[in-house]
Amino acid sequence: MMRDPQAILSQAREGAVPPGWAVFTKKRGRVRGLLSGTSDDPDPLLVVTPEGVVEFASHRSGLETVDFDHLSQVVLRVRGHSFSDSTIVNLDVWLDLRLRDGQTQKWKSSAFADDYRTVQSVLEAYGAFKMLHGGR
């Protein structure tokens, strides 16, 4: 079971994270903050722990959490698209989270959608979680 999400974010903001945690943060730009009404919010923060994921993007969106103990499977999904006259392919990357009750949820970071390291960190942490807990 994942610990208190607020405590995880506080610990990550203080910089005292244990080994095995991956922390992603970025500065909230002034212009973007003013335009989106989030200029008074703390900077976005995503923390991947051995038990799950906690993300704060803004007070408006609240906390997003993923508790690995509630999952039966995580599947990487990728979709590419381009215009017919372009050699550039834009990728959409997300995780399908299969819950123990049979439901599936799409997970993609709100604040770090283009940082594929976040997806890699979640996959690695979930794989380790499954190994430590007997593959359940």
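Residue ranking by accessible heavy-atom surface, 1.4 Å probe, largest first, among LEU63, LEU9 comes out as LEU63, LEU9.
Would you be so kind as to identify which of GLY62, PHE112, VAL47 lies farthest towards the positive end of the dipole of the chain, taking Lys and Arg as +1 and Asp and Glu as -1 on Cβ and the Cα centre as origin? Looking along the dipole axis, the top candidate is PHE112. Restricting attention to the chain, lysine pairs at least eight places apart or on different chains and with alpha-carbon atoms under 21 angstrom apart total 4. Potential lengthening of the chain between HIS70 and GLN103 amounts to 10.8 nm, from the contour at 0.36 nm per residue minus the alpha-carbon distance. Ligands, DNA and RNA excluded, the heavy atoms of HIS70 present near 100 Å² of accessible surface to a 1.4 Å solvent probe.
Taking only protein heavy atoms into account and a 1.4 Å probe, give the accessible area per residue of the chain in Å².
Working: 8440 Å² over 136 residues.
Normalised by residue count, the accessible surface of the chain is 62 Å².
Count neighbours as other Cβ atoms within 10 Å of each site's Cβ, and list the chymotrypsin sites (Phe, Trp or Tyr not before Pro) in the range 93-136 that are DSSP loop with at most 15 such neighbours. Write down the numbers at each step before the final one.
Values: sites: TRP94, TRP107, PHE112, TYR116, TYR126, PHE129; in loops: PHE112.
Sparse-neighbourhood loop chymotrypsin sites (Phe, Trp or Tyr not before Pro): none present.
For the range 44-53, 3J(HN,Hα) computed residue by residue from phi via the Karplus equation (6.51, -1.76, 1.60; θ = phi - 60°) reads x, 8, 10, 10, 9, 10, x, 9, x, 10 Hz, glycine and proline entered as x. Residue-normalised convex hull volume from the C-alpha trace of the range 38-109: 139 Å³ per residue. With all protein chains in place and ligands, DNA and RNA left out, the 1.4 Å accessible area ranks ILE88, ILE8 as ILE88, ILE8, largest first. So, with a 1.4 angstrom probe, what is the percent of accessible area on the chain that is carbon and sulfur? Carbon-and-sulfur percentage of accessible area, whole number: 52.
For SER72, the residues 5 or more places off, or on other chains, whose built amide H falls under 5 Å of its own are ARG98, LEU99, ARG100.
Relative contact order for the chain: what is it in percent, counting Cα pairs under 8 Å that are at least 6 residues apart? With pairs under 8 Å counted, the relative contact order is 20 percent. In order along the range 80-89, the Karplus-derived 3J(HN,Hα) couplings, from 6.51 cos²θ - 1.76 cosθ + 1.60 at θ = phi - 60°, round to x, 8, 8, 8, 4, 9, 10, 9, 8, 10 Hz, and Gly and Pro are given as x. Binning the alpha carbon pair distances of the chain at 10 angstrom intervals from zero yields the distribution 11, 38, 33, 15, 3, expressed in whole percent.
The values are calculated or read from the model by the stated rules, or taken from the named source; none is laboratory data. These numbers were taken from a predicted model, which means no experiment stands behind them. So basically every Cβ, Gly included, is an ideal-geometry build from the backbone, and we count neighbours across all protein chains shown. For accessibility, only protein heavy atoms count, side chains too; no ligands or nucleic acids. Shrake-Rupley method; radii C 1.70, N 1.55, O 1.52, S 1.80 Å.
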